[in-house]
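**Q** What follows is a single structure, and I will ask about it in a moment.
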Amino acid sequence: MKKVLKNPGVQAFVASIICIILGLLIGYIVLLFINPEGAAESIINVIKNFLTWNRANKKLQQFGNTLAKTMPLLMCSLSILFAYKVGLFNIGAAGQYVAGSCACLYAALAWGWGWLPCMIFALAAGAVLGAIVGFLKSRCNVNEVISGIMLNWISLYLANTILTKVKETASPYTMYIKDVNPSALLPNAGLDKFFNNNQYITIAVPLALIIAIAVYILLSKTKLGYELKATGSNKNAAKYAGMAENRNIILTLIISGALAGLGASMLYLTGYMRWECTQSSVPGMGFNGIAAAFLGGLNPIGAIFSSFFIQHITDGGQYVNTNFYSSQISDLISSVIIYLCGFVLFIKLTMNKMIARSEEKKARAIKSAASQGGDK
Amino acid sequence: MEQYAVEMLHITKRFPGIIANDDITLQLKKGEIHALLGENGAGKSTLMSVLFGLYQPEEGIIKKDGVEVKINNPNDANALGIGMVHQHFKLVECFTVLDNIIMGVEPNKMGFLQKKEAREKVMALSEKYGLHVDPDAKIEDITVGMQQRTEILKMLYRDNEILIFDEPTAVLTPQEITELMQIMKNLAAEGKSILFISHKLNEIMEVADRCSVLRKGRYIGTVNTKDTTIEQLSAMMVGRNVNFHVEKKPAHPGDVVLDIENMTVASKVHKNNAVKNVSLKVRAGEIVCIAGIDGNGQSEFVYGLSGLEPLVSGKITLLGKDITKTSIRQKSILGISHIPEDRHKHGLVLDYSLEDNLVLQTYFNPEFTSGAGFLRRKNIREYANRLIEEYDVRSGQGAVTTARAMSGGNQQKAIIAREIDKAPELLIAVQPTRGLDVGAIEFIHKQLVAQRDAGKAVLLVSLELDEVMDVPDRILVMYEGEIVGELDPKKTTQEELGLYMAGAKRDEVKA
């Protein structure tokens, strides 16, 4: 048992589970405080998400919706964890996601591009934003968190301005892609059949999963991954070993930005959501990516599951009983849970301490037993 | 019964996987100088951390003046009159000496500083123990020796009775060391009890009354220095007899391998250049040592040479090829190996495994990376295992051990294995034995001599006098960024070397 718990992989998993349970518990307590009557039902609905529906078909369809939204979150969390492995905290992923959204929507609606060029354009937009952060970091030593946050806002208002040109006249939302330019919608490739013809299930799903695996391979098996991680872990040693540490920082943020930008296209090109040109806050996807990255133990494969879970909880929030609670409560509950997800490292540390302590106790017991035996 | 100032009885402290202190007993008499001797990783630091309340022991008790005490944190230790001069001083650079001494215990009336009072007390202490300081000088402007005296005054100002000195001589000149030894004797004569942590045996013999030896977390014994010899102490410390003298045959210098002309490197701390117009040559088959007190431009000189810092001016030639503007990677490929001064800052990626660190300079070779950019794990593992075997690098889990989890000596061995196995033309070794125990030092010196005998050029930068006298074939003394003297280690004395290092003597040296 102890041996199993010492395995870092198992530890990460257990820590993540503990975080989830704690988050749900605190969410439940918050509900209890506001109104005890509906608390139990609401928290169960949050956990159940699409399972609250009775009909199997509806369940499947709603499951598909959650899955469709998981993919952009997964991409954002890959973006965060990739940079994090190289010692950079890319909080700018949120802005890179915005840049990607803006790029793919404008290309689809204004220029009538097909889905593939739109996707690549979104990827490029995210990469350019990442490159700016990386350049500032390596050349002028500007902290990537500061420049990242600034760029988040710049890109939000830039996106609002640009996308106003392709918005509906009557509403603040961008036009429907399916009306203006259906060729920009991501192909379903028959995958929608498995989800009760959910049109939002597209090639984005397998693509994001493949990219997660690719990121895993890049980080752990390749020369580039070796160099990037070395740079992140010890910049001075990387320089001493003749690695181009400044180039590596820029490259990392370009890749990180590209992942976030591509992620945006995986949501907006399904037609699931439209951009609201009057929104005044940066979409939470990039920030939730941080929680997903940590909850997944900073492992690309783990991120697949953690991203799904977080999206699952977020979607589950809409099933909170609004007779008892205001509609914002769903956001509150999911954010409490997501917040707790960031505690994975802390839980891991506590676990290690506990293991060490119990081992010490054991060693002492053995020693005293041995000395007693010696006395006889 | 004998009166002890502090007793640590049967202290056991475990960390996951290791026992750092295993049933250690240390008794410090009133008014004695007690040396604590042990290799790196022997458990000296852990034991002192226990005494300071930074760690709680699993077993054992601490007594002060015969009464059992519980030390839960450093404040408790302070309240009991236990003070420490750390190896790396804990001083605020831009504060004056006086401000540093009173920091944390500032005398005040209703929140207003009473510096006059403090100054009087400090001056009285300084007079009494012969600790000369200028109370109004800023720390950044005074010598290392005076900084250390400031640290000692800090302890005395707090009325500490038990003074711990953690490797206090590492940063001092020979003259300053003599002075410190005298100060320690004065303090002991005034009734202070001193714990002196060191692995410099001749200093222990000179100044300490008794010496306790630790090895691999175990208590080996306590001896009166009067009744023992250096050889006996070192055998206790290492567990076997150690050959102090470096065995080497006469050198046969060949062609010039490294030729540096008028090299100047800027300083990062002040406006002056750290290295001024240095020219020197290193030939194949010889060890040239750059000696000097820490902070006289040696680090910057090596940074400039290796390419970690840009040159202001100068020309570097390796085997007749101008490498002044060559990249670090290219220099490495051309045959420069560099054992860096700071193994944690430059030498290792601590979070990487041992095997990944062993290929840090060569990972891009086709042997370790396929054409498609994938690492060849199997080859890396085989290569690492060979080096581990050949250089006797010890670690918990072999090639996959995280470098951070290895002892300092084995980390250094790993770096040396990596740099020497590259078969360099020029080996730059900067303080290769810093912080290591005699066993590891012996090994490293042998490796350097072996490289020399194999016809390689070796450039050694060292602060350790014994090393400077023993290992090289030529000594160049660096003082304030300039080469001020060239000495023959066979003909010179430590005293003469000290005069050059302190800047009291200089020749016009031609490279």
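**Q** Counting helices only, and only those DSSP H runs with n ≥ 4, report the 222 nm mean residue ellipticity of chain B as the sum of -39,500 (n - 2.57) divided by its residues, in deg cm²/dmol to the nearest 500. Provide the component values of the computation, followed by the final result.
**A** On the way: 16 runs with 160 residues, N = 511.
When only DSSP H runs of four or more count, the value is -9000 deg cm²/dmol.
**Q** About its Cα centre, what dipole magnitude does the range B:343-423 give when the only charges are +1 on Lys and Arg Cβ and -1 on Asp and Glu Cβ, stated in debye to the nearest 20?
**A** 160
**Q** How many Cβ atoms of partner chains, on average, are near each residue of B:347-360 if near means within 10 Å of its Cβ?
**A** Working: counts 5, 4, 12, 3, 6, 6, 0, 0, 0, 3, 3, 0, 2, 9.
The shielding value for this peptide is 4.
**Q** To the nearest 500 deg cm²/dmol, what mean residue ellipticity at 222 nm is calculated for chain A from DSSP H runs of n ≥ 4 alone, each contributing -39,500 (n - 2.57), summed and divided by the residues? Numbers along the way, then the final one.
**A** Working: 16 runs with 271 residues, N = 376.
The per-residue figure over chain A is -24000 deg cm²/dmol.
**Q** Once the Cβ-Cβ distance between B:R119 and B:D255 is put in as r, and R0 is 56 Å, what FRET efficiency do you end up with, to the nearest 0.05?
**A** Numbers: r = 62 Å, r/R0 = 1.10.
Efficiency, from the Cβ-Cβ distance: 0.35.
**Q** For a footprinting-style exposure proxy, rank A:T66, A:T202 by other Cβ within 10 Å, fewest first.
**A** Working: A:T66 17, A:T202 24.
Listed from fewest to most nearby Cβ atoms, that is A:T66, A:T202.
**Q** Once you charge only the Cβ atoms, +1 for Lys and Arg and -1 for Asp and Glu, what is the size of the charge dipole of the range A:31-101 about its Cα centre, to the nearest 20 debye?
**A** Details: 6 positive and 2 negative charges, 61 e Å.
Using only the charged Cβ atoms, the result is roughly 300 debye.
**Q** Nearest 10 degrees is fine. How inclined is helix A:344-375 to the longest principal axis of chain A, computing both from alpha carbons?
**A** Here the helix axis deviates by roughly 10 degrees.
**Q** If the cut-off is 22 Å between C-alpha atoms, which lysines fall inside it for B:K116, apart from same-chain ones fewer than 8 positions away?
**A** Leaving aside lysines fewer than 8 places away in the same chain, those within reach of B:K116 are B:K128, B:K138, B:K154.
**Q** Computed over the Cα atoms, what is the radius of gyration of the range B:4-238 divided by 2.2 N^0.38 Å, N being its residue count? Could the numbers behind the result be given before it?
**A** Numbers: Rg = 17.9 Å, N = 235, 2.2 N^0.38 = 17.5 Å.
Taking N as the residue count of the range B:4-238, the ratio is 1.02.
**Q** Of the listed peptides A:105-114, B:487-496, what is their order by residue-averaged count of other C-beta atoms within 10 Å, with the highest listed first? All intermediate terms of the calculation are to be shown ahead of the outcome.
**A** Working: A:105-114: 20.2, B:487-496: 12.6.
Ranking, from highest mean packing down: A:105-114, B:487-496.
**Q** Let me ask another. Just to confirm my numbers, what's the Cα centroid distance between the range A:120-148 and the range A:1-54 in Å?
**A** 36
**Q** Provide the percentage of antiparallel DSSP beta bridges, counting only those with both residues in the range B:4-238; round to the nearest 5. Please list the in-between numbers first.
**A** Values: 25 of 45 bridges.
Approximately 55 percent, going by the DSSP bridge assignments.
**Q** Then there is this: I need B:Y500, A:Y97 ordered by Cβ neighbour count within 10 Å, fewest first. Write out the running numbers ahead of the final one.
**A** Values: B:Y500 24, A:Y97 37.
Result, fewest neighbours first: B:Y500, A:Y97.
**Q** For the pairs B:K456/B:K505; A:K69/A:K167; A:K85/B:K90, flag any whose C-alpha to C-alpha distance is greater than 24 Å.
**A** Details: B:K456/B:K505 32 Å; A:K69/A:K167 22 Å; A:K85/B:K90 33 Å.
Beyond 24 Å between Cα atoms: B:K456/B:K505; A:K85/B:K90.
**Q** Another question, if that's okay. Normalised by the empirical 2.2 N^0.38 Å for globular proteins, what value does the Cα Rg of the range A:62-175 take? Write down the numbers at each step before the final one.
**A** On the way: Rg = 15.3 Å, N = 114, 2.2 N^0.38 = 13.3 Å.
With N residues counted in the range A:62-175, Rg over 2.2 N^0.38 Å equals 1.15.
**Q** Efficiency by 1/(1 + (r/R0)^6): what FRET value for B:N72 and B:Q232, r their Cβ-Cβ distance, R0 = 41 Å, to the nearest 0.05?
**A** Numbers: r = 38 Å, r/R0 = 0.93.
Efficiency computed from Cβ-Cβ geometry: 0.60.
**Q** For chain A, what is Rg from Cα atoms divided by 2.2 N^0.38 Å, rounded to two decimals? Write down the numbers at each step before the final one.
**A** Values: Rg = 23.2 Å, N = 376, 2.2 N^0.38 = 20.9 Å.
So the Cα radius of gyration is 1.11 times the expected 2.2 N^0.38 Å.
**Q** Among B:H88, B:G111, B:Q175, flag the residue with its Cα farthest along the positive direction of the charge dipole of the range B:37-175, charges on Cβ as +1 for Lys/Arg and -1 for Asp/Glu.
**A** B:G111
**Q** In peptide A:229-240, how many Cβ atoms from other protein chains are near each Cβ within 10 Å, on average?
**A** Working: counts 4, 7, 1, 2, 5, 11, 1, 8, 13, 3, 5, 16.
Average neighbour count from other chains, rounded to a whole number: 6.
**Q** Answer with one residue from A:V46, A:N35, A:Q61: the one whose Cα lies farthest towards the positive end of the charge dipole of the range A:1-78, charges on Cβ with Lys, Arg +1 and Asp, Glu -1.
**A** A:Q61
**Q** Give me the one-decimal nm value for the distance between modelled label points at A:F33 and A:L349, 7 Å along each residue's Cα-to-Cβ direction.
**A** So the label points at A:F33 and A:L349 sit 2.5 nm apart.
**Q** Give the order of B:S234, A:S306 when sorted by the count of other beta carbons within 10 angstrom, beginning with the fewest. Before the final figure, lay out the partial values.
**A** Numbers: B:S234 22, A:S306 26.
Arranged by neighbour count, lowest to highest, B:S234, A:S306 become B:S234, A:S306.
**Q** Which whole number gives the average, over all residues in B:371-383, of C-beta atoms from other chains lying within 10 Å of the residue C-beta? Each step should come with its number before you reach the end.
**A** Working: counts 0, 2, 7, 7, 7, 1, 2, 0, 0, 1, 0, 0, 0.
Per-residue shielding by partner chains comes out at 2.
**Q** To the nearest 20 debye, what is the magnitude of the charge dipole of the protein assembly as shown about its Cα centre, counting +1 on the Cβ of each Lys and Arg and -1 on the Cβ of each Asp and Glu? Please list the in-between numbers first.
**A** On the way: 92 positive and 86 negative charges, 631 e Å.
Here the size comes out at about 3040 debye.
**Q** Next up: For B:K44, give me every one of the lysines with a C-alpha distance below 16 angstrom, ignoring sequence neighbours fewer than eight places off in its own chain.
**A** Once the sequence-local lysines are set aside, what remains near B:K44 is B:K13, B:K200, B:K216.
**Q** For the peptides B:73-81, A:42-50, A:54-62, A:121-129, what is the packing order when you average, over each peptide's residues, the other Cβ atoms within 10 Å and list the highest mean first? Walk me through the intermediate numbers first.
**A** Numbers: B:73-81: 15.9, A:42-50: 20.1, A:54-62: 13.7, A:121-129: 25.7.
The packing order, highest mean first, is A:121-129, A:42-50, B:73-81, A:54-62.
**Q** Between A:L60 and A:L207, what is the FRET efficiency for a Förster distance of 22 Å, r being their Cβ-Cβ separation, to the nearest 0.05?
**A** Working: r = 21 Å, r/R0 = 0.96.
Computed FRET efficiency for A:L60 and A:L207 comes out at 0.55.
**Q** I need to check one value: relative contact order of chain B, counting alpha carbon pairs closer than 8 Å and at least 6 residues apart, in percent.
**A** Working: 1009 pairs, mean separation 76.4, N = 511.
It comes to 15 percent, rounded to a whole number.
Since every read-out is calculated from the coordinates, none of them should be taken as a lab result. Computed from a prediction, not measured in an experiment: that's the story for all the values here. All Cβ positions, even for glycine, are placed from backbone atoms using ideal geometry, and neighbour counts span all protein chains on display.
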